[in-house]
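Q: So that we are looking at the same thing, I have put the structure below in C-alpha cells.
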Amino acid sequence: MNQFNTFLASFKNLTTAGYLFYGLGLITLISAISVVTAKNPIHSVLALIFTFFCLTGHYMLLNAQFLAIVNIIVYAGAIMVLFLFAIMFLNLKEEDEEAKTNVTKMAAVIVGGVLMVLLLSIFNYAPVGTYNPASFDAKTGLVERLGIVLYSDYILPFELASILFLVAMVGAVMLGKREAGDPHF
Amino acid sequence: MTLAERMYLPAILGGLGITIRHFFMKKPTIQYPEVKRYLGPIFRGHHVLKRDEQGRERCTACGLCAVACPAEAISMVAAERKKGEEALYREEKYAAVYEINMLRCIFCGLCEEACPKQAVYLRHDRMVPVFTERDQVIYGKDRLVEKLDDRYIRNNPDAQATPTEPTLSRSVG
Amino acid sequence: MELTVLVIKSLVILAVFGITLLIATYSTYAERKVAAFLQDRIGPNRAGPFGLLQPIADAGKMFFKEDFIPAQANKWLFILGPCLAMLTALMSSAVIPFGDSIRYGSFEVPVQGIDVNVGVLYVFGVVSLGVYGVMIGGWASNNKFSLLGAIRAASQNISYEVALGLSIIAILMMTGSLSLRHIVNEQNGFFQWNVFTQPLGFVIFLTCAFAECNRTPFDLPECETELVGGYHTEYSSMKLGFYLFAEYINMFTSSAIISTLYFGGFQYPFMHQVHDALVDSLGSTVGHNIATGIGTAVLFGKIFFFIFFFMWVRWTIPRFRFDQLMNLGWKTLIPLSILNVVLTGAGLLFDKFKYATWLIVIVMIIMAATNAIKAPRRKPVTVPQL
C-alpha cells in the first residue's frame, strides 16, 4: 500500500512525456491483451497492428525516429499485411472444433504458464541498463548515429543477417520453383 | 516482341502524343439547350394540328390517325359544327377533344401519313420539351392546334416529290 | 515567443491540410475535364461558370445518398476501412517541404508540416499503411469481389513498394540524408535536379507511384470488367466518397513527392538571384517571404503538372493484366532499380560522379534500337480474297 502511495505521489510530478508514456503503455497493454483474447482472427491481427503502432509511439518517446518508422514500414506495413492477407483467405465461418478440445486448452495453459515463469525469472535476474542523465545524448537514436554504429562496430552481425536473408530468399525461390511435371496454373 | 516493344515506353510515349494532340483539338460539341443543330427538313418533332389558309381547323375527327398510330397515343372526341362556327372549323364535323399522350408517342409519323385532310403534322423545327410531371404528358388541343401568329410552314423541296407527304401549298377540296 | 512559432506552425499545418483537401476536390473536376478534352468532349460545364461548382454538387449528392451497410458485413470494420484510407492519405503530406521559410520578426518558420530527419521513410511508412484501408474495407464487405479486389490491392502495393524504395535509395546515397528538405536543398541548379542525375530512377519511381495510387494502367483492384467495383463494391454514399477522395489525395501527395524528390521541389532556375534581388529591394523580411511564396507557387506548378500527367496517362493507356503487372514489378523494375543503385554507388565512389546512371539509359536505348533493326519486318496483314 505504501508503495502504491509513493507511486501515486510520483505520478503527480511527472513531465508531459511521462504522462504520455503511461497512457501509451496502458493502451499498448490493452491492445496486446486483446490480441490474445479476440475471438475473431482478423480482430486479433488488427489489435496486433495497433500494438505495433503503440510500440512505434514508445520509440518516438525515446527519440529513436529511425527505429519508429522502420517498425511501421517493416512490421505494420509489410509483415502484418501478409498476415492479414493469409487470414482473410481462411473460412472463418466454419467452426473448427478440433482446435478447442480440453487437451489443447490445457496444453496451452501449461505452455503459457511455463513461458511466463521463465520470463519473470529472467526479468528478475537480468541486469537493467542504466543511463546517466548528464551525459545522455538525445541524438543517439537518430539515423546518422545508427548508421555509423551499424557499419563500424556491428558490421559483422549486420552482414551475417543479410546473408541469412539471402539464404531465406534462395530457399523461398527453390520452394516456389515449378518443376518439370508440375501442373501449369 | 522486340526489346523496344517490351520496354513499353516508346509505345506509351506515342500514345501520350496522340492523346495530347486531341487535347488541343477543336471540340465538335454543340451546347444543346442554348445552341440547337438543324435536324433536317424531314425531322419529326412536335405535333401540330394545322389550320387552313383562312385559319380554320382542318381536322374532321375521322379517327384515321388514331387507327394508324402504332403506340395508340392519340385519342379524340368528335363534335358537330354549330351554326356560326364556320370560321373556326372547315368541315361539318370537328374534334372537340384531341389528345396525344407524349409518353406513348414514338414520333413515327404514321398519323401524318394517314391524315386525309392534311391536318396533323410533326414539326421539323421544334421538339417536344422534356416533362417532369405526369400531368404535363398529355397534350390537348390547347398545345397542339397551330397558333395563328405562329404558322408552321415546312420548307421541304425534297419532300414535295414523295407521294406520301403532301405539301402545305396543295389545296384540298 | 513559443506561442508565435506555434501559431505560425499550426497555420502552416492547417493550410497544408486545407490545400490538400481543396486540390483533391478539384482533382475530381480536373479529371473529368481532362478526360473530356482528351476525348474531344467539353466535360462538365453546367454547375457554375465552366462547371466549377461540379465537385460541390458531387459531394452534396454523395452525402445525401443512402448509407448502406450489408447485413452480413462486419459493421465496425466496414466503417473503419474508408476512415483508414482517408487518414493515411492525409497523413503523408505532413513532411513535404512546400516552401523555403517564412520570416516573422526574429523567427524563421519553415513552410512544412514537420521537418523530421526521416522524412522519406515517414512517407514510406504512411504509404505502406494505406493498403490497410483497402484490405479491411474489402474483407469487411463480406463479398467475394470485394475480397478479391482487396487482395489484389494488397499484393500490388507490397510488390511495387519494393521497387519504389529501391529507386529512391540512389537519391539517398547522393544526398546523404533522409530529410526531404535536405534533398530539395541539394538540388539547387537546374541540372542538379534528380531527374537529370537519376533518369532511370525517375521512370521507376513514376511507374511505382502509379501502381501505389491504384491509378490506370495499374487500377486492377477496381477493375470493373473482372471485379464489379473491386474493394468498394458494397460501399455507397460518403464511405465510397472517402475511398474515391483518398485516391485523389494520394495522387496529389505522390505528385508532390515526385516534384520534391526529382524536380527540385520549390527550387527553380535563378532562384538565388531572384531571392537576393527581392531582399535588396523589399527588405530581408518581406522580400524573403515573397521569394518563399514564388518558390511555393513554382512547386505547386510542378505538382499540377504531375496531377495532369497522372490523368493524361489514365486516359491514354489501357489497364495491365495481373500477370503482366507482377512481371513488370518483380522481373523488370526491381532488378533495374538494384542496377541503378549499384551504378550510382560506383559513380559516387569514383570521383563523386552523379550522372552515372545515364550509362544504363544509353545502353538500353542502343540495345532497343539494334534489336528493333535486327527484328524481322512484320508482313502487313493481308485479308484473304474470298
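The values are calculated or read from the model by the stated rules, or taken from the named source; none is laboratory data. Remember, it's a predicted structure, so these values are computed and weren't measured experimentally. Because the Cβ atoms are built from the backbone with ideal geometry, glycine has one as well, and the counts that use them run over all protein chains shown.
Q: Of all helices (runs of 4 or more DSSP H) completely enclosed by region C:113-231, which ones contain at least 3 residues that are over 28 Å from C:Gly81 (Cα atoms)?
A: In region C:113-231, C:144-175, C:180-186, C:194-197, C:199-212 are the helices (runs of 4 or more DSSP H) which contain 3 or more residues that are over 28 Å from C:Gly81 (Cα atoms).
Q: Checking C:Lys239 against (1) farther than 23 Å from C:Pro269 by Cβ; (2) under 21 Å from the mean Cα position of the chain (by Cα), which test does it fail?
A: Of everything listed in (1) farther than 23 Å from C:Pro269 by Cβ; (2) under 21 Å from the mean Cα position of the chain (by Cα), C:Lys239 misses just condition (2).
Q: So which of C:Val111, C:Val118, C:Val95, C:Val123 ends up being modelled with pLDDT of 85 or more and under 21 Å from the mean Cα position of the chain (by Cα)?
A: Only one candidate qualifies: C:Val123.
Q: Please tell me if C:Met135 is within 11 Å of another protein chain (Cβ to nearest Cβ) and among the hydrophobic types (A, V, I, L, M, F, W, C).
A: Spelling it out, C:Met135 is indeed within 11 Å of another protein chain (Cβ to nearest Cβ) and among the hydrophobic types (A, V, I, L, M, F, W, C).
Q: Pick from B:Glu85, B:Glu91, B:Glu80: which is more than 14 Å from chain C (Cβ to nearest Cβ), farther than 30 Å from C:Ala35 by Cα and either among the polar types (S, T, N, Q) or exposed (fewer than 13 other Cβ atoms within 10 Å of the Cβ) (or both)?
A: None of the others qualify; the one that does is B:Glu80.
Q: Next up: Among residues belonging to region C:30-60 that are under 19 Å from C:Met86 (Cβ atoms) and either in contact with a Gly (Cβ under 9 Å, 6 or more places away or on another chain) or surrounded by 15 or more Cβ atoms within 10 Å (Cβ to Cβ) (or both), point out the one that is farthest from the other protein chains (Cβ to nearest Cβ).
A: C:Ala59
Q: Of all residues in region B:30-44, how many are among the aliphatic types (A, V, I, L, M) and within 14 Å of chain C (Cβ to nearest Cβ)?
A: Summing the residues that are among the aliphatic types (A, V, I, L, M) and within 14 Å of chain C (Cβ to nearest Cβ) in region B:30-44 gives 2.
Q: Do any residues in region A:62-73 that are at positive phi have Cβ atoms under 8 Å from those of residues that are of a type outside the set (Gly, Ala, Ser), where the two are at least six apart or on different chains, and which pairs are they?
A: A:Asn63/A:Lys139; A:Asn63/A:Thr140; A:Asn63/A:Leu142
Q: Still on this structure, I have one more. Could you check region B:1-29 and list, in sequence order, the residues that are surrounded by 10 or more Cβ atoms within 10 Å (Cβ to Cβ), more than 8 Å from chain C (Cβ to nearest Cβ), of a type outside the set (Gly, Ala, Ser) and within 46 Å of the chain's Cα centre (by Cα)?
A: B:Arg21
Q: Considering only residues of region C:91-112 that are aromatic (Phe, Trp, Tyr) and over 27 Å from A:Val70 (Cα atoms), which is nearest to the other protein chains (Cβ to nearest Cβ)?
A: C:Phe107
Q: Exactly one condition in (1) surrounded by fewer than 24 Cβ atoms within 10 Å (Cβ to Cβ); (2) at pLDDT 80 or above; (3) under 30 Å from C:Phe190 (Cα atoms); (4) not aliphatic (A, V, I, L, M) is not met by C:Pro217; state its number.
A: (3) is the only condition that C:Pro217 fails.
Residue-by-condition table, conditions (1) in contact (Cβ under 8 Å) with a residue 12 or more places away in the chain; (2) within 13 Å of chain A (Cβ to nearest Cβ); (3) loosely packed, with under 15 Cβ neighbours inside 10 Å:
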site: C:Lys65; (1), (2), (3): yes, no, yes
site: C:Leu87; (1), (2), (3): yes, yes, no
site: C:Ile114; (1), (2), (3): yes, yes, yes
site: C:Asn142; (1), (2), (3): yes, yes, no
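Q: Mind checking which helices (runs of 4 or more DSSP H) fall wholly inside region C:264-357 and carry at least 3 residues that are among the β-branched types (Val, Ile, Thr) and closer than 30 Å to B:Arg21 by Cβ?
A: Counting at least 3 such residues, we get C:286-314.
Q: Considering only residues of region B:111-158 that are more than 16 Å from B:Gly63 (Cα to Cα) and of a type in the set (Lys, Arg), which is farthest from the chain's Cα centre (by Cα)?
A: B:Arg134
Q: Among the residues of region C:324-337, which ones are more than 14 Å from C:Pro199 (Cα to Cα) and not small (Gly, Ala, Ser)?
A: The answer is C:Gln324, C:Leu325, C:Met326, C:Asn327, C:Leu328, C:Trp330, C:Lys331, C:Thr332, C:Ile334, C:Pro335.
Q: Restricting to region A:121-138, name every residue that is loosely packed, with under 10 Cβ neighbours inside 10 Å and assigned to a helix (DSSP H, G or I).
A: A:Ile122, A:Phe123, A:Asn124, A:Tyr125, A:Ala138
Q: Working carefully through the options A:Gly171, A:Gly113, find the one that is over 21 Å from the mean Cα position of the chain (by Cα), at pLDDT 85 or above, of a type in the set (Gly, Ala, Ser) and assigned to a helix (DSSP H, G or I).
A: Residue meeting the stated conditions: A:Gly171.
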